[in-house]
Amino acid sequence: MKSAEKKTSAPGVFATTRWSLIRSGAGSGSGDRETREALAELCQIYWRPIFFFIARRGYPPEDAEDLTQDFFVRILRGDWLQKADPARGRFRSLLLKSLQNFLNDAVDRRKSRKRGGGISFISWDTWMAQTPSQLTLSCEALTSWPAERVFDASWAATTVQRALNGLREECERKGRRRVFEVLSTYLSAERDDLSYPRLAAKLRIPESTIKKLVYRMRQRFHMLLREEVRQTVADPADVDGELRHLCGSLAASSA
């Protein structure tokens, strides 16, 4: 979305962030195309952590879907846009706090039956039918973990998946889709089952080339992951801390 990509020279503010995306709808009319585009993009990025959090709070799937839609409508149409301040911290934390407040509001829960004023912007059937991510949380986690832990783990999975998607797209543009499919499971330096000879035979390329490809793909993946995290914090100094938090959430979910 071009309107969310505008550059800024203000110190401490990133040119392209989730903050700029959510603010792009501020002050727009309820039917404004820019608002709907910003809303759609936010939903595409964050609907899973929000939906899973709401469902873990005890809402049936259909109600969780309605509430997820209503939550995004409130964000982009309410005063939250004007009040949202990057200086307050991580976008993840602010979104979770806003979601908790939203669910604690009994009036809003009753209004959720209206599905955001009659507007439906999420194609749930299409999204739910998408190929499950390798980072999808287990049924046990979704039903036994505290809602906040589910939110963080799903947020981390979403962030990593977006970085992986970016790496896959780059490989496809270079005609290396097969390389990505084979090597993408070895992007973590902790993998102890990495066999360069086996991968070289599988891809039918020299072992020395495999080593270079794995190294470069890991480096590029880490850069893309940092960029994803960078878009959700207000201060560059917070990137490493947020990365550690997300990696910890993922490690706990796979334990």
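The values are calculated or read from the model by the stated rules, or taken from the named source; none is laboratory data. These figures come from a predicted structure and were not determined experimentally. Quick reminder, even Gly has a Cβ in these numbers, built from the backbone with ideal geometry, and neighbours come from all protein chains shown.
Odds and ends about this structure:
- Screening Arg168 with (1) within 25 Å of Ala234 (Cβ to Cβ); (2) modelled with pLDDT of 85 or more gives one miss only, at (1).
- Hey, Ser120 assigned to a loop (DSSP other than H, G, I, E, B) and either modelled with pLDDT under 85 or surrounded by 15 or more Cβ atoms within 10 Å (Cβ to Cβ) (or both) or not: yes
- Where Ile54 falls short, out of the listed (1) surrounded by 20 or more Cβ atoms within 10 Å (Cβ to Cβ); (2) modelled with pLDDT under 85: (2)
- Unique match (being within 19 Å of the chain's Cα centre (by Cα) and either β-branched (Val, Ile, Thr) or under 14 Å from Tyr186 (Cα atoms) (or both)) among Arg216, Arg230, Arg220: Arg220
- Residues that are exposed (fewer than 14 other Cβ atoms within 10 Å of the Cβ) and in contact with a helix residue (DSSP H, G or I) (Cβ under 8 Å, 6 or more places away or on another chain) within segment 212-255 comprise just one, Pro236.
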